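Derivation of every value follows stated rules applied to the coordinates shown; laboratory data play no part. Computed from a predicted structure; not experimentally measured. Glycine gets a Cβ as well: all are built from the backbone with ideal geometry, and neighbour counts include every protein chain shown.
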Amino acid sequence: MPLGFLAPFFLAGLALIAVPVLVHLTRRDRATPTAFPSLMFVRRLPQPTTKRRRLRDPLLLLLRVLALALLAFAFARPLLDRARRGVLPGAGGRELVVLLDRSYSMGTPGRWDRAQDAARRALATLGPADRASVVLFDAGPAVAAEHVGAAAARAAVDSAHVGNGPTRYAPALARAAQILAASPLPRREALLVSDFQRAGWHASAAARLPDGARLTWADVGGAAPSDVAVAGVDLRRETTPEGERVRPVARVVLPNGGAPRTVPVSLAVNGRPTQTIAARVAPGGAASVTFDPIPVPPGWSSGTVMLPTDSLPADDRFHFTFARGQTLRVLLVRGEGHDGDAELYLRRALGVGDTPPIGVDVASPSALGAGTLAGHALVILHDAPVRGAGGRVLADWVRRGGGLLVALGETSAPEAWEPALAELLPGRPGAVVDRSDVGGAHLASYERTHPALAAFAAPHSGDLALPRVLRRRALTLASDAQVLARFEDGAPALVERPAGKGRVLLWASTLDNWWTDLPLDPVYVPLVRQLATHTARVLPAAPAYLVGQTIDPSSVSDDAAPEWVVESPSGRRQHVGADGIPGLATLAEPGVYRVRPNGSRNDAGVLLAANVDPAEADPTRVPPAEIAAAVGDGSNAPVAAAPAETRAEREARQSLWRYLLIAMLALLVAETVVASRRPRLAR
């Protein structure tokens, strides 16, 4: 516990100690005169004078020196620089899990320093019998230290740094719950240190802390950053006599309030700057920046849209890749009894845009066969259950790599499906659920980070929760199905499942206006196109990957290879599929990746772009108490983390100067007593 001073300049008063020292060194004894009647009989002798060079009465000198020193120390207002220990009631050791948010929004100036300081203050409260764990988290948790002492935990905090991922609280809290449940110590506590981004909070039963554990928090968010972000880039393709060109259109957003801003937006292609355009962005709004067309050379190219560095630099760049386009052929199978509306809505939605161009052919369920499927990468069954030979041919086509998008409706009863095809569906269709009497159902949650829904990850990019679904089919999910969206009652709305080398997506309602008003909402067109390109395994020319996502290299390249090399923007290489074991590669940093077969040329393969999750820039915050209420029961009331104690507050609480003045007065009394018994020195 080092000693500090609130007003150290008063320590200059220690120079007054020299005064009593000089007095004791230079003072001479005074001669006492004696009266004589006559000096005639007294012999005169010369009296030698010598300079006193040793201290007289060291006890008196010591008392005077100590009194002056205590006076100087008291005016300097001393304090012990140690954190105030918050001791929980009860006996025994304490298990503390520090959950330290390292998402990229923590890179806002000052936030990360405040977060590390809050973690260090909490670790300073640990005693010899206590143990600590440090869990760093963004999209997922990473245990930096587990069941260690305060020094090792502090070292883990000191070595941590801000990452590139978005905030996800539930996985981190679930990991803390596991650590606390395994601890034998009687007192268990988790400290959540974060800026509390609303986009990162989705309640989960797995995130509940064990009985007897409590959650405290330290909110280090502060004021919202002055941030302008590149939320996305769309590539508009043009065909000219000279060849194919792409025109990048960037979307620049200003998530926070304040005044409108004008910012320069720059474009670089294959590392070379090409153009800069000034864009004016309104608070809470977005601006489109359209650049000049770029000729598309053979092979893959990359581009970056850049803004000047601001208080949140992670979202000031957006990377994208592009190559010469190929038309995606889609076969739309329309159910019996449907009029032309389904064909009209889907044709128009798929025909909007050219990234990639999509061509639509229409067929009936009875017309399905090997010849009908040839040349198509995606089949859309719109309330069109298929039976017989056509269903078996379609199931075999999907297993060999085709994409199947299924929308359920009135005729999609369970018994209407060919068994071979029904086995591939992510969920078995059930009874019709009619919610028209209550105004319809809405989507309550959806996976914004999934490639099929990545177009809606950015703020102001559309809200899938707005359209109404009046009727839908109940679903019994397959064991390996992944739910991408759910309704308000928790029922699955959009489900995905792999099928051999192919992929199947299932939407629980129609994609026309029979059962839903989704086609009348602005999100319809980007949703349909995104579902189509994802199901068909088309690598989009515009960016569709987020930092933290994993990819299957075989699904993004036409090459057939047992082993792949994924090279990151920083040059790090991941070998995927070694020893014949299929694997996934994680896109851990923003930038452009190269995916190529192992053993191929360094410039072979395809390019992928990864960008930070734009939802992390949304300044909307979640109250920490809301998270605490969701992860603990009523008997474990969460408490807010106390603010940092300043040195002035600590000095006022300790009040050491009072004790120093009392000691000085005691010394002065002692000095008076000693001096009175030595009258010669006192005078």
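Could you sort 448-456, 415-423 so that the peptide with the highest average Cβ count within 10 Å comes first and the rest follow in order?
So the order, starting with the most tightly packed, is 448-456, 415-423.
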Charge dipole of the chain built from unit charges on the beta carbon (Lys, Arg +1; Asp, Glu -1), centred at mean Cα; most positive-end Cα among ILE627, LEU25, VAL576 is LEU25
Using a simple charge model, +1 on the beta-carbon of Lys and Arg, -1 on the beta-carbon of Asp and Glu, nothing else, what dipole does segment 328-535 show about its Cα centre, in debye to the nearest 20? 600
Can you list residues from other chains, or at least 5 along the same chain, whose modelled amide H is less than 5 Å from the amide H of GLY440? none
Quick one: Karplus J couplings for segment 375-381, per residue in order, coefficients 6.51, -1.76, 1.60, θ = phi - 60°, nearest Hz, x for Gly and Pro? x, 9, 9, 9, 10, 10, 9
Applying a 10 Å radius around every beta-carbon, put 272-278, 302-308, 665-671 in order of their mean neighbour count, most first. 302-308, 665-671, 272-278
What is the set of long-range amide H partners of ARG188 at a cut-off below 5 Å, with H atoms built 1.01 Å from backbone N? GLU95, ARG214
Relative packing of 357-366, 605-614, 219-228, 390-399, which averages over residues the other C-beta atoms within 10 Å, highest first: 605-614, 390-399, 219-228, 357-366
